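Where a number appears in this text, it was derived from the coordinates with a stated rule and is not lab data. These numbers were taken from a predicted model, which means no experiment stands behind them. Positions of Cβ are backbone-derived with ideal geometry, glycine not excepted, and every protein chain shown enters the neighbour counts.
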Amino acid sequence: MVSNAQCINGTATAHGHIGIDLSTHPTPVVNTPKNTFIEICMSKVPHLYKCYTTNKLFSLVYVVIIFLISILYGSESSYIGAIMAGFTTHSITTVLGYWIHVVFHMVDFTALYENAKKSTNCVASTLSRIFAWVPRRISTVVDNIMYFFCYYILDFHDKHHHNTNINKRWYNVLTEAIQNILWEGGIIVFISYSLSLGLSIYGRTYRLNHTLIMLWSLYYVSYHLINYTFIKSPNTHNKHHINFETNYGPDSLDILFGTKYDIENIEDFNNGTINLVVIFVLIVICKESTFNSGILRYLGKILK
Ligand SMILES: [Zn+2]
Ligand SMILES: [Zn+2]
C-alpha cells in the first residue's frame, strides 16, 4: 500500500500504483484538520471571559446605558424591540469601527490612487480620456482634491497619527479626534439617515439607534485622546503604535478576531466608565434641552 507521504513525494508513480506524476503538479493542498475553527473559537472564550470580568464595572454600566438609551430614544414601538435594536446597533457599530481601522492600516489609498493613474486598465484609461478632454486647470484641481482626500483623509490615521514625529501636533490631534468621531460611528449615522435604513421583520421595522452610535463614537475619541494619553500603564494602545497589525481596540474584538498583541495582557478600561457616564449625561442634556435655540438644540437634533 502506498502511504500519503509517498504519494506527495511522487514516489507512487515510480511504483506504478497511481498514474499521476505528482512531481509535475503544484504542491498538493494540505487541508486544515477538521474542527480547527471551532477549537480556535472555543480557545477565545476564557480570554473573553477574563476581559469581561476584568472590566465588570465598565461592562455593567455600558449595558445599563444601552437599556436606558434604547428605552428613551429607540424608534421601535415596543421596549423589547428597542432594546434588541439597541444591542444590535452597539454590536454593528463597534465591529464596523474595528474593521474600518483595520482597512486603514491594510490599504495605502494614496499609492492606490497614484498607481491607478498610471494603470492601463479600462477604468483608468476612461478616466484619463475624460481628464484629457476637460481643461487642464480643472483636471489639476480634481487631481489635487483626490490626492488630498487619499493622503489627508483616508490615509491620515496610518500616515499621520501613526507617525510619532508629527502625531502630537495640535492640528493632527484635532484631525484624529474628528476622524475618530466619523469612522467610529458618524459615518454610520450619516448613511443610516441618508438611506433611512431599517430592517422589517413581521411588519415591525427595527432601526439603528443613532444615539447609541454617537455614544460609542464619543466614548472612543475621549478614551483615545484623554485616557490613553494620561494612563501610561498598562496601555494596550501603545502596542498598537508599535505593531499596527495588533490591538486595534476594543480589547474584546482583538481577542475575537485574533489581533491581540499579547493575549495574556487583558486591558483594564474600567476608568472609561467615567467617560461613559459623562458622555451619557451630556447626550441626555442635549436631547432633553428645552432651549429653543443655541448649540444644545443643534446637538440634540444631530443625536436624534
Ligand atoms: Zn493612537
Ligand atoms: Zn491605528
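A few points about this structure:
- The set of residues in region 227-258 being touching a residue at least 24 places away in the same chain (Cβ under 8 Å) and part of a loop (DSSP other than H, G, I, E, B) consists of Ile231, Pro234, Phe244, Glu245, Tyr248, Gly249, Pro250, Phe257, Gly258.
- Qualifying residue in region 182-199 (condition: closer than 21 Å to His237 by Cα, within 16 Å of ligand 1 (Cβ to nearest atom), more than 18 Å from the chain's Cα centre (by Cα) and not small (Gly, Ala, Ser)): no
- Residue match in region 154-162 (condition: surrounded by 16 or more Cβ atoms within 10 Å (Cβ to Cβ), more than 16 Å from ligand 1 (Cβ to nearest atom) and under 24 Å from the mean Cα position of the chain (by Cα)): yes
- Selected residue (criterion: nearest to Trp216 (Cα to Cα)) from residues of region 94-107 that are buried (at least 16 other Cβ atoms within 10 Å of the Cβ) and more than 14 Å from ligand 2 (Cβ to nearest atom): Thr94
- Residue within region 264-271 that is assigned to a helix (DSSP H, G or I) and away from ligand 2 (no atom under 16 Å from the Cβ) present: no
- Note on region 109-135: residues that are over 19 Å from Tyr151 (Cα atoms) and not in a loop (DSSP other than H, G, I, E, B) amount to 12.
- Matching entry among Ile255, Ile213, Ile226, Ile231 (being away from ligand 2 (no atom under 14 Å from the Cβ) and within 18 Å of Asn172 (Cα to Cα)): Ile226
- A search for C-beta distances below 8 Å between a residue of region 154-170 that is in a helix (DSSP H, G or I) and any residue that is away from ligand 2 (no atom under 13 Å from the Cβ) and acidic (Asp, Glu), counting only pairs 6+ apart in sequence or on different chains, returns Asp158/Asp108.
- Unmet requirement for Thr110, which otherwise passes all of (1) of a type outside the set (A, V, I, L, M); (2) crowded, with 17+ Cβ neighbours inside 10 Å; (3) within 16 Å of ligand 1 (Cβ to nearest atom): (3)
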